[in-house]
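The values are calculated or read from the model by the stated rules, or taken from the named source; none is laboratory data. Computed from a predicted model, the values in this text were never measured in an experiment. Cβ placement follows ideal geometry from the backbone for every residue including glycine, while neighbour counts extend to all protein chains displayed.
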Amino acid sequence: MYLDEFEYYAPKTADETFELAGRLGSQAKVLAGGTDLILNMKQSLLKPQCLIDINGVKEFQGLIYEAGKGAVIGAATKISELEHSAVLRDKYFALHQAARELGSTQVRAMATIGGNICNASPAAETSSPLVALGTKVVINSAAGERELPLEDFIIGNRKTALEQGELLVKFLLPEPAPQTASCYTNIGLRNAMEIDAVNMAVNLTLEADNRTVKVLRLVMGSVAPRPLVSVEVPALLVGQALNSNLIEKAAAAAAGEAQPISDIRATAEYRREAVFVLSRRVLQEAFNAAQEV
Amino acid sequence: MKQQLIQLEINNQLYEIPVTPRDLLVDVIRKKVGITGTKKGCGEGDCGACTVLMDGAPVLSCLTLAITCQGRKIITIEGLADEQGALHPIQQSFLDHGAVQCGFCTPGMILTTKALLDKNPHPDQTSIKRGIAGNICRCTGYKKIVEAIGAAADRIATREVK
Ligand SMILES: Cc1cc2nc3c(=O)[nH]c(=O)nc-3n(C[C@H](O)[C@H](O)[C@H](O)COP(=O)(O)OP(=O)(O)OC[C@H]3O[C@@H](n4cnc5c(N)ncnc54)[C@H](O)[C@@H]3O)c2cc1C
């Protein structure tokens, strides 16, 4: 497997990157970790004439957390950095869990969070937790900057809201409200190095009584062309004192909302059943964890 | 396309190598530098045979463009023994435990182990298995590999060698 010829650019600053992206337009692809892009090029699914390597641009890298404000994650931050971040584990547990589940040690050392989102696979590991956590993305081009909620950025199977010349530069995660917990779970054909058949993340805030659901977001992955934000689960649970009966009902509602297809990884029927089991599990786990914050 | 000269630091030695942007690191190491311990397996990132260490982190050289590696420190399996040729404790442990069968996965397996033990000097079984989940052994000799890694961790801890 060899690659077609292309020209290689390695900008050092954000401005230089936007200028290149604007000038090269549709001929160019951004190269982050390359774990999707190089593979696609090897398989001749993509044949860009130019690659813009963003790994030398410091502004696109790293995780900064400021108490009371939240976290900012650069698009070119490696999954391995997220996996080992103590702040992420403490404040945004669902994303920490998803980072641990992505690929192998090697893949996590190469892959970036921006690449995972821009690739926009319905089975992507980080999109469900990021959407559940209320993440916004910052998009930039030579013309300027705009912000979008992540659920509006991923618009379909491998489709994003990026226009020509635009890059995803960072993720903005809001500070978790008091008594909030998040968690993530996934299921696939094996325990490691698998593409998810279903994944799911929940972000749950309790009222001061420690039982009543104040805010809840449940997001399903790999059961629709894009991350599926449940409408029915919050409708059933917000304002209610949570118990296993209600959780069972909510899980059934989530299974009803899923729009799974059958493919090589699982049948639609199996996926729907998995949504039921996984939502029951994440809701219970998030409830337990939120009671202990 | 025109070749350009790049500098790569492999096993603490600087090489000046003519490449085109599309040259993959695994091919440059094997064919242009001429050291062949790094193996080419699936070519898709699944098998881990092509693993090398890049600034200490295990990466897949089959999905890495050589041109992106300038200024980075690359270690291949040839760079693990010391100057006198004494094997690294991980290599020795693999030999002692019969963790090498056909040997094709061994270079990648050992480099991934090196990165694992650098981060986590006392991994439990689960951490070992998670750590090498991206290295496939077609002989399926995982039991001995996992044992060899555990023993290597102990050996490094007692001898305090890296
Ligand atoms: C063996 C293997 C196992 C894997 N396992 C998993 C898994 O378990 N879960 C999972 O979710 N994924 C998995 N993947 C897929 C892949 O590793 C991830 O999607 C990864 O996060 C992609 O990031 P990257 O930095 O490598 O992206 P790249 O390949 O560099 O880029 C991906 C796409 O996004 C574009 N892009 C990247 N960054 C930007 C940016 N900042 N702005 C605009 N466009 C951008 C690129 O142009 C390209 O089209 C696996 C891949 C391999 C090879």
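The residues in the stretch B:133-156 that are surrounded by fewer than 24 Cβ atoms within 10 Å (Cβ to Cβ), touching a helix residue (DSSP H, G or I) at 6+ places or on another chain (Cβ under 8 Å) and in contact (Cβ under 8 Å) with a residue 24 or more places away in the chain can be counted, and the count is 6. Could you list, ordered by first residue, the pairs with Cβ atoms under 7 Å in which the first is in the stretch B:27-42 and of a type in the set (Ser, Thr, Tyr) and the second is surrounded by fewer than 21 Cβ atoms within 10 Å (Cβ to Cβ), at least 6 apart or interchain? Close Cβ pairs (under 7 Å, with a partner that is surrounded by fewer than 21 Cβ atoms within 10 Å (Cβ to Cβ)) amount to B:Thr36/B:Arg30; B:Thr38/B:Arg30. With respect to the conditions (1) within 12 Å of the ligand (Cβ to nearest atom); (2) within 14 Å of chain B (Cβ to nearest Cβ); (3) under 20 Å from B:Ile67 (Cβ atoms), A:Leu45 lacks only one, and its number is (3). Take the conditions (1) crowded, with 22+ Cβ neighbours inside 10 Å; (2) within 11 Å of the chain's Cα centre (by Cα); (3) more than 12 Å from the ligand (Cβ to nearest atom); A:Glu151 misses just one of them, which is (1). If only one of A:Ala192, A:Ala177 is more than 15 Å from the ligand (Cβ to nearest atom), surrounded by fewer than 23 Cβ atoms within 10 Å (Cβ to Cβ) and farther than 30 Å from A:Cys50 by Cβ, which one is it? From the options A:Ala192, A:Ala177, the qualifying one is A:Ala177. The criterion of being at pLDDT below 95 and away from every other protein chain (no Cβ under 14 Å) does not hold for A:Asp152.
Give me the residue from the stretch A:4-23 that is part of a loop (DSSP other than H, G, I, E, B) and within 13 Å of the ligand (Cβ to nearest atom) and, out of that set, farthest from B:Gly71 (Cα to Cα). Residue satisfying both the conditions and the ranking: A:Phe6. All but one of (1) surrounded by fewer than 22 Cβ atoms within 10 Å (Cβ to Cβ); (2) near the ligand (Cβ under 10 Å from one of its atoms); (3) more than 14 Å from chain B (Cβ to nearest Cβ) hold for A:Leu167, so report the exception by its number. A:Leu167 satisfies every listed condition except (1).
With respect to the stated conditions, A:Val282 fails to be in contact with a helix residue (DSSP H, G or I) (Cβ under 6 Å, 6 or more places away or on another chain), surrounded by 15 or more Cβ atoms within 10 Å (Cβ to Cβ), under 21 Å from A:Leu130 (Cβ atoms) and not assigned by TED's automatic domain parsing to the domain that holds A:Tyr92. Put simply, of A:Ile73, A:Ile38, A:Ile79, A:Ile52 the only residue that is on the phi < 0 side of the Ramachandran plot and away from chain B (no Cβ under 14 Å) is A:Ile73. If a residue must be within 14 Å of another protein chain (Cβ to nearest Cβ) and more than 15 Å from the ligand (Cβ to nearest atom), how many such residues does the stretch A:87-114 contain? Residues meeting the conditions: 0. Given (1) under 24 Å from B:Pro58 (Cα atoms); (2) more than 10 Å from the ligand (Cβ to nearest atom), identify the lone condition not met by A:Ser26. It is condition (1) that A:Ser26 fails. Would you mind finding the one in A:Ile38, A:Ile64, A:Ile79 that is free of Cβ contacts under 8 Å to residues at least 60 places away in the same chain, under 22 Å from B:Ser61 (Cα atoms) and in the same structural domain as A:Val138 (by TED's automatic domain parsing)? After applying the criteria, what remains is A:Ile79. Do the conditions hold for A:Met200, that is, is it in contact (Cβ under 8 Å) with a residue 60 or more places away in the chain and either touching a strand residue (DSSP E or B) at 6+ places or on another chain (Cβ under 7 Å) or crowded, with 24+ Cβ neighbours inside 10 Å (or both)? Considered against the rule, which asks whether it is in contact (Cβ under 8 Å) with a residue 60 or more places away in the chain and either touching a strand residue (DSSP E or B) at 6+ places or on another chain (Cβ under 7 Å) or crowded, with 24+ Cβ neighbours inside 10 Å (or both), A:Met200 comes out as yes.
Listed by position, the strands (runs of 3 or more DSSP E) enclosed by the stretch B:1-72 that each have at least 2 residues that are away from every other protein chain (no Cβ under 13 Å) and over 22 Å from A:Gln43 (Cβ atoms) are B:4-10, B:13-19. B:Ile90 satisfies every condition listed in (1) in a helix (DSSP H, G or I); (2) within 14 Å of another protein chain (Cβ to nearest Cβ) except (2). Criterion applied to A:Gln27, A:Gln61 was being more than 13 Å from chain B (Cβ to nearest Cβ) and touching a Pro at 6+ places or on another chain (Cβ under 8 Å), and the one residue passing it is A:Gln27. Residues considered: A:Thr185, A:Thr267. Of these, the only one that is closer than 25 Å to A:Ala124 by Cβ, outside the structural domain of A:Glu125 (by TED's automatic domain parsing) and modelled with pLDDT under 95 is A:Thr267.
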